[in-house]
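Participant: Would you mind keeping the following structure in view while I ask a few things?
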Amino acid sequence: MSKYEPGFGGRIGRTVAESEPWWPEPKLPPAEAPNVVMVVLDDTGFAHFGCYGSTIETPAIDALAANGVRYSNFHTTALCSPSRACLLTGRNHHAVGMRAVSNFDSGFPNMRGGITPKAATIAELLREQGYATYAAGKWHLAPMVECSAAGPHTNWPLQKGFDRFYGFLQGETDQFYPELTADNHHIDPPGHPDDGYHVSEDLVDQSMTWIRDLRSVRPDRPFFLHLAFGATHAPHQAPAAYLAKYRGRFDSGWDAAREEWFARQLEMGLVPRSTELAPRNPGVLPWDEVPENGRIFAARLQEAFAGFLEHTDAQIGRLGAFLEQHQLLDDTLFIVLSDNGASQEGGPRGVMDEFSTFNLIREDLDEIVAHRLDDIGTARAHSNIPWGWAQAGNTPLKWYKQNTYGGGVRDPLVIHWPKRIASPGIRHQFCHVTDVTPTVLEVAGVGVPDDLGGQEQIPLHGESLAYTWDEPDAATRRKSQYFEQFGHRGLWLDGWKAVTFHRKGEAYDDEEWALYHLDEDFSECHDLAAEQPEKLRELADAWWSAADEYGVLPLDDRTIELFAAVARPGTPHHRSTYVYVPPISHVPADAAPRLGARNWSISCEVTVPDGGCEGVLYARGSHNGGHAFFLQHGNLQFDYNALGTHFRASGPADLSPGPHMLEARFERDGEVATVSVAVDGQERGRVEVTKIVRIVSSTGLDVGCDRLSTVVDDYEGPFAFTGELHKVAFTIHSAQDRGDIEATARTELAKE
C-alpha cells in the first residue's frame, strides 16, 4: 500500500527486490468506440446545404449525407451560445446557465454566461475515458468579460475538457484578420490575406496537425474534434475565387430561390408532399418590388454568403479527405450541424457593415452600389444578408434565428459513420440538439457519473439517436421538448407544437399561442388554436411544467437592461480608468474600455529617442470602423473611423528627445463630438465628429501597435511604436447613456 497512491495494487518493501511493481490499467474506451468529429456551422438555415435543397454548392457535406443520415426534424434553441451549451452537455440551456449569449449574466441561475460545472461537457467525459479532445474555431461559451489574458480562465475550452484549443472565444471574428487564441493565450494570426490566409483553412490545418500527431505517437487513442467554423455568421468573407463563382447567380431574387429550393426539398423527400411554402415574413418585400439598387445590393450580399458557405464546405472536404487518407474516416462518427436558423440581423435591406444596424445608422445604398460593391465578401466589409435571403435559407419555414418558430429552431443535421450506419438516407424522427451528446456517449461506451470533480451532475436531458440508424422508420423516442428565447416560447409534444411570438415588454399571459400539428403541417402554416383549444391548453400547461423542471424561470426578455450592470465587481469594467503597461496581449472587445459615446481621454507616457519615432499608440477595431492614435511623418494623429467615414484630428508633434505625454480627448455635445490631440498639455489638432459610433467594433484593442485589420490605410500593420511606450491610460469622464447600452445590446444579440 501507499498513502500517496491509495489505489496502488503492488507491494512496497524496503528494497526493490522485496517489492512488486504495479501499473494502473490505461484509460481507454471500448475497442469499437469511434473517433468523433463534430462540425458546427453558425447561422446556417434549414435549406442552405445542397442536400437540404439549396443551389449553393456543398459537395463535401452532400457526400457525407449521401453515405450517412440527414435529419429533417432536428431542432436547436434558436441562438448560438445556448445551442452550443446543449450540444456539448446533453442538457437544456437554461439548466446549465446559458439562456442567451455568453455576454450576459442576468443574476439568475439560468443566465450566467458559462456552463455550470454540474453539467460536464462531452469533452470532459470522453477525456476521462482516454479520448484526446480538441476544439477548433468558435467558442462563445465563456463570459466575454473573462476572455482577456487576465481571465479567469474557468470557462475557457481547456478548463472545459479540451486538451487543445485553437480558435476565437467571441461570437464572431473577421475571417481574414481573426482574434485568435491558442490554448490559454492570445496569438497573432499566422498569415495575412495577401498571402491567401483565411481562418477556416487555418482551423482545419490545425485540426489535422493534432490528429496526425496523435496517430503518429498514440494510434491506440481515439480523438474527439469539435470544429466550429465562423461560417456562416457575419461577416461573410471568402477568397476571391469563391465570390466570383457566384456572381449573378442570385439575380432572380429570393422569391425564385425559395420556390426552387422548396421544389428540390419536395423532390428529395426531405419534407412531406403536403408541406406548404410559408408566406413571406413581415417586412420581406416581393423581389420585383425591391428598388433596383436594393436588388443589386441584396444579390451581391447573397453571393458573399454562398461563397463563404462553399469555401467552408471545401474545408470540411479537406478534413474528410485527410481522414480517408489515413484510413480513419470509416471509424469516425462525423457530425455536421448548424446552431440556429438563418440570421435576421441584416435587417430588411441587408448591410454592408452590420455595425451600421447596431448603431442605427442607415447606409446609403446608392453610394454602396456606385463605389463599394466589390468590397462585399472581402476584408473591407462586414456584411450580412437581408431578411428575404435569410428566409430563403430557412425554406420552407417562417421567421428566423432568435424566434421559436421553425425558421429559428429547425436546422440541418448530418451524421456519417459507414462502419455503423448500414441504411443511409433521410430520418424524420423529432430530435433536438441535446440528443447529440447522448448519441456520442452511447456509441463510445461512456456514461455520465453521478459526481465529477466533486460536483453532483445534472442528468442528461437528451435521447440517443443511434436507434434511428438501424430503424429508419422507428417511432420518435422523444415525447416533448420546450423552447424559449428572449420571451419567445414553444413546446413540441407528440407531433404537435404550441408557439408564441413575444413582443418585448408585453405581458406573457396576454399573448396568444399558436397551435400547429407538425406531423401534418411541416412549415407551421395552419394555426389550429381556435379549432382545438383543449389541445392548445394541454401544450401551454406542459410548457409551464417544463419551464419549472428545466430552470427556465424567471422569464426574462431583457437585453438592453442587462448591460446596465456591466460594471459590477469582478469584471474589467468596475472602474472608470484603465491603465495598460505595454507590451500586453490583444484585449478583446468585451474587456476593453467601453468608450462608446461617452466623454473619454487617452494619455500615453512615452520617451522619444534621438532621431524621433513613429507608430501606433492605441488601435481599436478594424478597417470597417474603430480608432487609431498614432505618430507618423512628424504628426500626432487620431483617426475616428465611423464605419468608413473618417474624422482625423492631426497636428505637428514637434517632439524633442526625452519624455512626453501624448493625449487624445473625445468630448460629446448631443449628437456631435470633438476629438482633439495634445502634446504635453498643448493642443495640436482637433476635428468635429458628426457621426458618433456608440459600438465601435467587435474587434478589440491593441496598445503600441495595430495587429489585425488596420483602422486606417496610412500604414501597414502592425506599425509598432518605435519609441518607448511606458503607459497608456484611458479615463471615462461620463456615464454610459441609454443609446450606448442599446447599441451594445444590438451588437451582442447578433454574436450568436
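Participant: Per DSSP H run of at least 4 residues, take -39500 (n - 2.57); add these up for the chain, divide by its residues and hand me the 222 nm value, nearest 500 deg cm²/dmol.
Facilitator: -6500 deg cm²/dmol
Participant: Could I ask something else about it? Order the peptides 82-93, 596-607, 331-342, 678-689 from the highest to the lowest mean number of other Cβ atoms within 10 Å of their residues. Present the calculation step by step, with values, prior to reporting the outcome.
Facilitator: Details: 82-93: 28.8, 596-607: 19.2, 331-342: 25.8, 678-689: 15.5.
Highest to lowest by the protection proxy: 82-93, 331-342, 596-607, 678-689.
Participant: Kyte-Doolittle cut-off -0.5, length cut-off 30 Å along the helix's own axis using Cα: show which whole DSSP H helices in the chain pass.
Facilitator: Correct list, ordered by number: 292-325.
Participant: If each of Glu20 and Met268 carries a label point 7 Å out from its Cα toward its Cβ, how far apart are those two points in nm?
Facilitator: Rounded to a tenth, the inter-label distance reads 6.2 nm.
Participant: Got a sec? Charge dipole of region 570-735, +1 on Cβ for Lys and Arg, -1 for Asp and Glu; which of Thr690, Ala591, Pro652 is way out at the positive end?
Facilitator: Ala591
Participant: Output the antiparallel fraction of DSSP beta bridges having both residues in the chain, as a percent to the nearest 5.
Facilitator: Given both bridge residues lie in the chain, the antiparallel proportion sits at roughly 75 percent.
Participant: Which Cα, out of Leu214, Leu285, Thr55, lies furthest along the positive dipole direction of the chain (beta carbon charges, K/R +1, D/E -1)?
Facilitator: Positive-most Cα among the choices belongs to Leu214.
Participant: Same structure, new question: For a protection proxy built on the mean count of beta-carbon atoms within 10 angstrom, sort 442-448, 613-619 highest first, please. Mind showing how you got there, number by number?
Facilitator: Working: 442-448: 17.3, 613-619: 23.3.
Listed from highest to lowest mean packing, they are 613-619, 442-448.
Participant: Once you order the gyration tensor axes a ≥ b ≥ c over the Cα atoms, which shape class does region 182-234 get: rounded for a/c under 1.5, otherwise prolate or oblate by comparing a/b with b/c?
Facilitator: prolate
Participant: Run the numbers for Gln682 and Glu289: contour at 0.36 nm per residue of separation, minus the present Cα-Cα distance, in nm.
Facilitator: Working: separation 393, 0.36 × 393 = 141.48 nm, distance 5.66 nm.
Result for the pair: 135.8 nm of gain on full extension.
Participant: Here's a follow-up. Modelled label-to-label distance, Glu512 and Thr607, 7 Å Cα→beta-carbon offset: nm?
Facilitator: Each label point lies 7 Å from its Cα, and together they span 7.4 nm.
Participant: If you don't mind, another one. What does a probe at Ser545 reach in region 70-95, counting residues whose amide N is under 15 Å from the point 7 Å along Cα→Cβ?
Facilitator: The answer is none, because no backbone nitrogen lies closer than 15 Å to the label point.
Participant: Excluding Pro582 itself, what net charge comes from residues whose Cβ is under 14 Å from its Cβ, given Lys and Arg +1 and Asp and Glu -1? Display every interim value, and only then the final one.
Facilitator: Values: positive: Arg707, Lys727; negative: Glu605, Asp702, Asp706, Glu724.
Net charge in that neighbourhood comes out at -2.
Participant: Can I ask one more? With charges set only on the Cβ (+1 for Lys and Arg, -1 for Asp and Glu), what does the dipole of the chain come to about its Cα centre, in debye to the nearest 20?
Facilitator: My answer is approximately 1020 debye.
Participant: Taking the Cα centre of region 335-393 as origin, work out the dipole magnitude from +1 charges on Lys and Arg Cβ and -1 charges on Asp and Glu Cβ, in debye rounded to 20.
Facilitator: On the way: 4 positive and 10 negative charges, 25 e Å.
Its charge dipole is roughly 120 debye.
Participant: Right, another one. Would you please give the FRET efficiency between Lys535 and Glu32, computed as 1/(1 + (r/R0)^6) with r the Cβ-Cβ distance and R0 = 41 Å, to the nearest 0.05?
Facilitator: 0.40
Participant: Between Glu471 and Ile187, take the C-beta separation as r, use R0 = 41 Å, and let me know the FRET efficiency to the nearest 0.05.
Facilitator: Computed FRET efficiency for Glu471 and Ile187: 0.30.
Participant: Continuing with this model, one more query. Which net charge results when you count Lys and Arg as +1 and Asp and Glu as -1 among the other residues whose beta-carbon is under 15 Å from that of Gly612?
Facilitator: Local net charge: -4.
Participant: How would you order 52-61, 475-484, 137-146, 110-119 from highest to lowest mean count of nearby Cβ atoms within 10 Å?
Facilitator: So the peptides 52-61, 475-484, 137-146, 110-119, ranked by packing, come out 137-146, 52-61, 110-119, 475-484.
Participant: Can you figure out the FRET efficiency of Tyr715 with Ala370, using R₀ = 41 Å and their beta-carbon distance, to the nearest 0.05?
Facilitator: Details: r = 28 Å, r/R0 = 0.68.
Using R0 = 41 Å, I get an efficiency of 0.90.
Participant: Right, another one. Give me the dipole magnitude in Debye, nearest 20, for region 1-136 about the Cα centre, with unit charges on the beta carbon: positive for Lys and Arg, negative for Asp and Glu. Can you show the working numbers first?
Facilitator: Values: 11 positive and 12 negative charges, 97 e Å.
The calculation lands at about 460 debye.
Participant: Please give the contour-minus-distance gain from Ile12 to Ser576: 0.36 nm per residue of separation, less the Cα-Cα distance, rounded to one decimal in nm. Please report the intermediate quantities before stating the final value.
Facilitator: Numbers: separation 564, 0.36 × 564 = 203.04 nm, distance 6.13 nm.
Gain on extension, Ile12 to Ser576, equals 196.9 nm.
Coordinate-derived values only; no laboratory data. Nothing here was measured: the structure is a model prediction, and the numbers come from that model. Positions of Cβ are generated from backbone atoms using ideal geometry, with glycine treated the same way; all protein chains shown enter the neighbour counts.
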